[in-house]
1. Can you tell which of Ala615, Ile153, Met226 lies farthest toward the positive end of the dipole of the chain, using +1 and -1 charges on the Cβ of basic and acidic side chains (Lys, Arg; Asp, Glu)?
2. Quickly rank 120-131, 333-344 as a protection proxy: mean count of other C-beta atoms within 10 Å, highest first.
3. How high is the FRET efficiency from Val525 to Phe297, r the C-beta distance, R0 22 Å, rounded to 0.05?
4. Can you tell me, using C-alpha contacts under 8 Å and at least 6 residues apart, the relative contact order of the chain as a whole percent?
5. Need the full-extension length gain, Ile97 to Phe34, defined as separation in residues times 0.36 nm minus the C-alpha distance. One decimal, nm.
6. Between their Cα atoms, which of Lys60/Lys80; Lys80/Lys630; Lys264/Lys630; Lys403/Lys620 are more than 32 Å away from each other?
7. As I understand it, the value is the acute angle between the Cα axis of helix 110-131 and the longest principal axis of the Cα atoms of the chain; what does it come to in degrees, rounded to 10?
8. Using Cα centres only, tell me the gap between the stretch 193-268 and the stretch 145-187 in whole Å.
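The values are calculated or read from the model by the stated rules, or taken from the named source; none is laboratory data. Every value quoted in this text rests on a predicted model; they were computed, and no experiment measured them. Note that each Cβ is placed from the backbone with ideal geometry, even for glycine, and that neighbours are counted across all protein chains shown. The area values use the complete protein model at the heavy-atom level, side chains included, leaving out ligands, DNA and RNA. Shrake-Rupley method; radii C 1.70, N 1.55, O 1.52, S 1.80 Å.
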Amino acid sequence: MKNNGYFLTAWQFLWNRYIKNSLLYRFLCGVYAFFSHAWRESLITGIFRKNFLDEGTASKSIFGKILFWPFRLIEHIQKKHCEGLTNLKETSRIIRICKYFLHNLLAVNLRFIGVMLFFAALSDFVLSFVFGGGKILDLIAIAVGAGLYFLDINAVDLLRGSALVKLIEKLFDLDFSFDFYYMTKCGGKARLICAAVFGILTGIIAAKLSIIYATLFVLGLWFFFMVLYKVEFGVFVTLFLAPIIPTMMVVGLTLLCLFSLIIKALTTRRFEFRTDGMGFMVVLLLLIYLMAAVTSFAPLKSITIWAVYFAFMAFYFVVINTVKTAKQLKVILTVFCLSGFLVCLYGILQYVFGWNVTQAWIDEEMFEDIKMRVYSTLENPNVLGEYILLVMPVCIALMWKKKSFLAKLVFAGMAAVMGVTLILTFSRGCWLGLMFAAAVFVTFAAGKLWGLAIPVLPVIPMVLPESIINRFTSIGDMGDSSTSYRVFIWMGTLLMLKDFWLSGIGPGTEAFTQVYPFYSYSSVVAPHSHNLFLQVLVESGILGILTFLTLIILFVKQLCVGHQAFGKGHTLSVVLVGIGAGVFGFLVQGMFDNCFYNYRVFMIFWSVLALGSAAARIAKNEAALTEVQKNA
């Protein structure tokens with residue numbers, strides 16, 4: 001008999017002896033069966049089953065041809081000039097030099113690095129007599145570089161089969177491949193000449209600026225070449241860094257990935273852009289925002305914001321045209337969860353050690369026992385909560401389907417850290433969003449867990465701290481300054497929409513703050529409407545909100561189709577439920593806040609939509625392939 005462990009054995013005893021046969025559980029099962037049947041037979045699911053605005057319809061329609069003309073133009077150029085561009089890429093000396101630089105650093109070739117270090121230090125040493133500098137450090141670096149010359153070894157190869165790599169593979173249930181660099185580029189004299197050239201350039205930068213700038217030059221150049229070499233790498237890094245680095249750096253990363261995808265499309269034979277119904281709505285929404293920005297009350301600022309919107313919404317197409325296999329999806333979702341874990345871990349440390357404490361988001365009169373609300377790297381506790389709503393359900397979905405107990409434990413630990421951080425944001429809207437996301441996940445991924453609600457729900461109020469209970473029960477209390485503040489803003493925004501419902505006032509806080517004061521209640525000052533749907537409506541008008549809502553409906557449709565491809569319980573089906581639960585929880589929080597106020601969260605939202613679309617397509621393709629193999 002398999003040893004299930006003490007916890008699972010105890011749970012099975014309670015389940016079989018008390019819960020499963022209880023009247024309350026039978027009642028809940030009956031309610032669940034009723035609503036499940038009603039949902040399957042409802043008009044809503046009927047609409048989702050219908051084939052409208054799918055990939056073929058969207059791209060072949062007249063409006064699709066108009067909106068997708070940039071993609072068709074790239075494909076047209078590719079068909080006419082692909083051979084010439086490919087030959088140019090393969091014969092260009094500059095590109096060959098860049099490949100030497102990229103692949104030797106990917107392989108961590110010690111001889112290449114030694115030659116670079118030698119010539120960089122030598123150049124800096126010579127120029128130090130003109131600009132000044134640390135001559136002793138240069139001499140040490142020259143000696144180290146000369147020593148590394150005699151070690152023509154790819155250090156990455158030493159990691160193959162190592163205990164460290166095996167441990168990481170077990171922890172995250174991944175399979176590492178070390179075939180990511182060309183062996184042919186890591187040998188010969190030509191690559192050493194390349195190392196010397198880049199070393200001299202690095203030494204000049206170090207002499208005129210500093211060693212830090214020289215290091216950034218090498219790393220930045222390598223990263224640029226790496227993204228051009230592998231778009232997937234750029235997508236992974238961008239999604240990992242999005243909640244951590246400044247907004248404009250994220251804009252640069254997304255545009256670099258877009259540029260890399262275009263280069264790949266132009267130089268890859270028979271490359272076809274994926275342009276689905278959701279993509280149709282993304283482009284349409286971008287155009288509506290552009291018109292709103294041009295006619296905005298603050299046109300220059302709104303157009304600047306539109307440029308940011310363009311970079312982040314265009315990333316949707318980068319993701320769906322890059323993530324095409326289950327393995328790629330698994331890696332990028334793991335990277336996404338790892339980034340969320342680190343952001344949340346920093347939030348907990350912020351709370352424990354009191355880093356950057358501020359009382360800006362606390363009603364001290366009503367919640368005097370709340371001393372701090374964490375915000376980690378995202379500048380605002382509500383924004384941090386919105387980010388967690390997108391990443392935490394995905395982490396739980398991955399944990400749910402991991403085969404290894406160790407991997408399950410790791411992802412459960414990461415999800416627990418996210419959950420604790422969400423509590424410490426004290427964001428009531430995000431708590432409601434998480435409850436809704438949990439309900440969606442349990443319903444569509446593990447319906448039997450509703451039985452766990454019987455023993456757990458009554459215990460929760462006894463376990464939670466009083467500060468959390470008071471904060472949660474204050475929802476709707478007009479005595480809370482935060483609640484009354486939002487209600488007055490909604491009233492003012494609704495009054496404003498009577499005049500601007502058709503065209504909107506333009507994106508951005510500057511346009512909003514110029515118009516809103518003329519409609520505000522009780523002289524309440526606000527940078528936005530504190531409601532996602534009202535904000536989209538007030539910024540882009542009725543066409544904008546209708547397009548956005550249609551896009552969400554298409555997203556749900558894709559998730560449903562992808563989920564039904566394999567049925568309940570399959571890994572891809574659970575992942576789709578996790579992604580959908582996160583988006584639904586995010587939209588619930590959107591009823592109480594403008595979730596697009598933080599541009600990085602805006603970018604992550606569109607990335608999650610793209611991941612859901614990619615996952616649904618992968619599920620359909622794998623289901624079709626499985627069916628073919630069965631019938632073969």
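1. About the Cα centre, the residue reaching furthest to the positive side is Ile153.
2. My ranking of the peptides, most packed first, is 333-344, 120-131.
3. Taking R0 as 22 Å, the efficiency between Val525 and Phe297 is 0.85.
4. 16
5. Full extension of this stretch gives 16.1 nm more.
6. Going by Cα-Cα distance, Lys80/Lys630; Lys264/Lys630 fall outside the 32 Å limit.
7. Roughly 80 degrees, rounded to the nearest 10.
8. Taking the Cα centre of each part, the stretch 193-268 and the stretch 145-187 sit 21 Å apart.
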